[in-house]
Structure formats: structure tokens, C-alpha cells
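Contents: one structure, followed by commentary.
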Amino acid sequence: DRRVSLHVVGNSDAICADIMRVASRAEGGWNERWQRAEAAARQVVAQTLADEAVLSEPGVARTLVAALPANANLVVSSSMPIRDVEWYAGACDHLVMHSNRGVNGIDGVVSTAVGIAAASQAPTGLLIGDIAFMHDINGLLGIAERSVDLRVVVVDNRGGGIFSFLPQRATLGSDTFERLFGTPHRADLVGLATAHGVATQVAASSQQLHDAVQLAGPHVTVVRTNRDHNVAQHDEVHQAIIAAVNASL
């Protein structure tokens with residue numbers, strides 16, 4: 001967009017250290033303003049996503065993080081799951097976080113979570129989208145007969161949700177976008193997981209998801225969402241955050 005006003009070439013650690021030194025000498029309560037903005041943003045997120053009767057994707061991430069027990073693992077898949085945990089989850093310091101990018105971004109995520117749960121013998125959550133889940137669903141084979149406390153949460157929005165946030169959603173015709181980027185599926189994820197011998201259920205509200213995640217695994221919980229609604233819900237949260245932060249400064 002040709003909006004760069006300052007382009008710095010150098011060692012990132014050294015540049016960050018310089019910025020911290022400048023910020024520590026800044027007048028006018030620079031640090032305090034950032035802290036107020038952070039507190040305002042966190043409060044809005046907490047209020048907006050608390051006790052949703054119909055779960056949003058940001059609400060799924062927040063509820064899962066809060067529901068997992070102390071010292072549990074959380075494996076976060078690529079695309080929207082890892083962004084939603086970063087943006088909207090509360091404190092994560094009670095969890096051991098893991099992520100597997102994979103060659104294609106979505107491959108091997110289920111198997112990674114199974115391996116972490118089996119090796120650690122600790123409760124392990126997995127937040128994953130429907131496409132990544134189907135890409136490695138055979139990672140569930142045999143876990144029902146093993147001592148694997150794996151609690152899988154699948155966000156089923158019938159396709160690749162992250163692409164709805166990108167410019168091609170507005171620039172391509174709907175049919176072309178869906179064929180190339182949305183990649184909708186008609187798979188029954190509950191049926192697929194059940195066929196692998198894993199207990200599976202659907203959660204529609206924050207309370208239902210919270211209750212499901214607190215049960216020891218292995219089990220799969222499917223949350224059904226809508227890709228277009230998801231974009232609008234993210235925008236609503238972001239606008240509320242902007243208003244709260246501006247009011248705090």
C-alpha cells in the first residue's frame with residue numbers, strides 16, 4: 001500500500017532493545033497508556049465472549065483455553081485457530097502450548113496432538129479446523145484403546161475459514177471463491193470421528209463446550225459455525241475494542 005514511513009535494516013533484537021530504552025525514557029505516561037489500552041481491550045473481549053448462547057469462533061478459542069486444567073497441553077492448529085487463541089483467549093500460563101505448522105500448514109496436526117498426549121500422559125486439548133481435521137483424521141485410529149487423554153475441539157465452518165478474511169473474498173465471484181479458496185465440504189465430522197471409535201458430540205453454547213472439554217478424553221467435540229458470520233463477528237469484537245481503547249487514552 002506504499003504506506004511505509006520508516007524502513008529499518010538491522011538486527012531485530014538490537015532494534016527492540018533500542019525501542020525499549022527510548023520507551024523507558026518517554027514522557028507523558030507512555031507505558032501507562034499502553035497498560036490502560038491493554039486492560040480495556042481485555043475487558044471488552046471478556047465481556048463480549050462470555051457465556052455465548054451460540055458459540056462464535058473467537059468464543060470457542062476462549063472457552064477451550066479456560067476449560068482445560070492446569071498443566072494441560074494445548075495443541076493449536078494453523079490458520080484461524082492459532083489466531084483466535086492469540087487474539088481472544090484469556091490467560092494461557094496454566095497450559096503448555098504446542099503448534100505444528102506442517103509442510104502444507106494443516107497436515108499431521110491430529111497425529112501431533114495424539115503424540116503429545118501419549119508421551120506426556122497429561123490432559124491435552126486440540127483446537128483444529130474442519131479441513132485440517134479431515135486431512136489427518138486417521139491419526140485417531142486406535143486412541144480409544146490407549147491411555148490417551150486427548151480432547152479435540154473441531155470448528156466446522158464447512159471450508160477454509162481464513163480465506164474469507166482475505167482480499168479474494170471481495171474480488172472474486174462467489175462460485176470462483178468457493179471453488180478455489182472456500183473449498184466447502186459435505187462431510188459428516190461427527191460420523192467420521194465416531195467411525196474411528198472415538199466418543200463425539202456437538203456443542204452449540206459456551207457452557208456446552210466448557211462441560212465437554214472438562215471431561216477426560218479421548219473425545220471429539222464439533223462446533224458448527226458459519227464462515228460469513230465469523231468475519232462479521234470478528235469485526236464486531238474489533239470495533240468494540242477500538243472504541244474501548246480510544247476511551248481509555
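The values are calculated or read from the model by the stated rules, or taken from the named source; none is laboratory data. Please read all numbers here as calculations on a predicted model, not as lab measurements. All Cβ positions, glycine included, derive from the backbone under ideal geometry; neighbour counts span all protein chains shown. Calculation scope for accessible area: heavy atoms of the full protein, side chains included, ligands and nucleic acids excluded. Shrake-Rupley method; radii C 1.70, N 1.55, O 1.52, S 1.80 Å.
Remarks
- Among (1) at pLDDT 95 or above; (2) closer than 20 Å to Gln207 by Cα; (3) not hydrophobic (A, V, I, L, M, F, W, C) - the single one Asn73 does not satisfy: (2)
- Scanning the stretch 14-32 for residues that are closer than 15 Å to Ser248 by Cα and open to solvent by 50 Å² or more (accessible area, probe 1.4 Å) yields a total of 4.
- Among (1) open to solvent by 30 Å² or more (accessible area, probe 1.4 Å); (2) under 25 Å from Ala67 (Cα atoms); (3) of a type in the set (Phe, Trp, Tyr), the one test that Phe133 misses: (1)
- Meeting the requirement of 1 or more residues that are in contact (Cβ under 8 Å) with a residue 24 or more places away in the chain and more than 19 Å from Thr221 (Cβ to Cβ), the helices (runs of 4 or more DSSP H) wholly within the stretch 73-161 are 80-88, 109-120.
- Residue in the stretch 202-214 that is part of a strand (DSSP E or B), modelled with pLDDT of 95 or more and out of contact with any Phe, Trp or Tyr (no Cβ under 9 Å at 6 or more places or on another chain) present: yes
- The stretch 50-68 - residue that is small (Gly, Ala, Ser) and closer than 18 Å to Thr124 by Cβ and, of those, surrounded by the most Cβ atoms within 10 Å (Cβ to Cβ): Ala61
- Set Ala170, Ala193: member being open to solvent by 20 Å² or more (accessible area, probe 1.4 Å), assigned to a helix (DSSP H, G or I) and over 17 Å from Leu55 (Cβ atoms): Ala170
- The set of residues from the stretch 22-51 being within 17 Å of Glu86 (Cβ to Cβ) and not in a helix (DSSP H, G or I) is empty.
- Residue that is surrounded by the fewest Cβ atoms within 10 Å (Cβ to Cβ) [pool: residues in the stretch 69-116 that are aliphatic (A, V, I, L, M) and within 20 Å of Arg227 (Cβ to Cβ)]: Ile82
- Among the candidates His238, His219, His234, His210, the residue that is touching a residue at least 60 places away in the same chain (Cβ under 8 Å) and surrounded by fewer than 18 Cβ atoms within 10 Å (Cβ to Cβ) is uniquely His210.
- All of Val8, Val54, Val4 fail the test of being more than 30 Å from the chain's Cα centre (by Cα) and part of a loop (DSSP other than H, G, I, E, B), apart from Val8.
- Unique residue being aliphatic (A, V, I, L, M), at pLDDT below 95 and either touching a strand residue (DSSP E or B) at 6+ places or on another chain (Cβ under 7 Å) or crowded, with 22+ Cβ neighbours inside 10 Å (or both) when the list is Ile143, Ile128, Ile162: Ile143
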